[in-house]
Amino acid sequence: VMVDFGDAKKAEEILNSLAHVKGLNVISRTSSFAFKSMNIHIQTIADSLHVNYIVEGSVRKSNGGLRITAQLIRAKDGFHIWSNSYDRNSKDIFALQQEIAAKIAESLDILLDPKAIEQMQWAGTTNPEAFLAFLKGQGLFSEGHIKRSQLLPYLKRANINFDEAIRLDPDFINPYF
């Protein structure tokens, strides 16, 4: 995960909170801020930092109040996983930073609940994106066999997902089958 809030202090607090989430690897503020104010595609940044998700946001001040907008973005396709805006008093900033970090972690846990983690490890990978691509491929494979008249298009789409799983984790053996 990479974090950029445009404000180094706020980003650092959120980074610090996220860094304490077990199983979540967070890129340093220095690495994250190397891309500050650059008009670069999310996937390019993610590839450079070797991250699967990017957290970005903004902080605006007005009459002693703050509006903080935060969003969690899946790097491979740029889709928002979670987003929210917060209007708070500037005195509440530390509690708000922890709340944002908790919401981000909670959003990732939706994808990585304990049962999914167990299944993922049992399947032979620790890469959640590879596992999700594999599951999508399996679903398309099964659906193609149910809708036999459309088997070939389903199998082609399934193979694209299996190839993605292999690209993300070449040691993950199941997609090869």
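Against the definition (open to solvent by 50 Å² or more (accessible area, probe 1.4 Å), within 19 Å of Asn52 (Cα to Cα), of a type in the set (A, V, I, L, M) and out of contact with any helix residue (DSSP H, G or I) (no Cβ under 6 Å at 6 or more places or on another chain)), how does Leu132 come out, yes or no? Criteria met by Leu132.
Taken residue by residue, the stretch 42-52 has no member that is surrounded by 13 or more Cβ atoms within 10 Å (Cβ to Cβ), at pLDDT 80 or above and assigned to a strand (DSSP E or B).
Residue-wise test of (1) in contact with an Asp or Glu (Cβ under 6 Å, 6 or more places away or on another chain); (2) at pLDDT below 75; (3) of a type outside the set (Asp, Glu).
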{"position": "Glu99", "(1), (2), (3)": "no, yes, no"}
{"position": "Asp113", "(1), (2), (3)": "no, yes, no"}
{"position": "Gly124", "(1), (2), (3)": "no, yes, yes"}
{"position": "Gly137", "(1), (2), (3)": "no, no, yes"}
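On the basis of being modelled with pLDDT of 80 or more and part of a helix (DSSP H, G or I), does Pro170 make the cut? Considered against the rule, which asks whether it is modelled with pLDDT of 80 or more and part of a helix (DSSP H, G or I), Pro170 comes out as no.
Against the condition touching a Lys or Arg at 6+ places or on another chain (Cβ under 7 Å), more than 20 Å from Asn52 (Cα to Cα), open to solvent by 20 Å² or more (accessible area, probe 1.4 Å) and modelled with pLDDT of 70 or more, how does Ser85 come out, does it pass? Yes, satisfied.
When Ser107, Ser142 are checked against the criterion of being open to solvent by 40 Å² or more (accessible area, probe 1.4 Å), among the polar types (S, T, N, Q), at pLDDT 70 or above and at negative phi, a single residue qualifies: Ser142. Of the residues in the stretch 60-74, at least one is at pLDDT below 75 and touching a strand residue (DSSP E or B) at 6+ places or on another chain (Cβ under 8 Å).
The values are calculated or read from the model by the stated rules, or taken from the named source; none is laboratory data. What you see is a predicted model; the values in this text were computed from it and never measured. Cβ atoms come from the backbone with ideal geometry, glycine included; neighbour counts cover every protein chain shown. Protein only, heavy atoms only, side chains kept; ligands, DNA and RNA dropped before computing areas. Shrake-Rupley method; radii C 1.70, N 1.55, O 1.52, S 1.80 Å.
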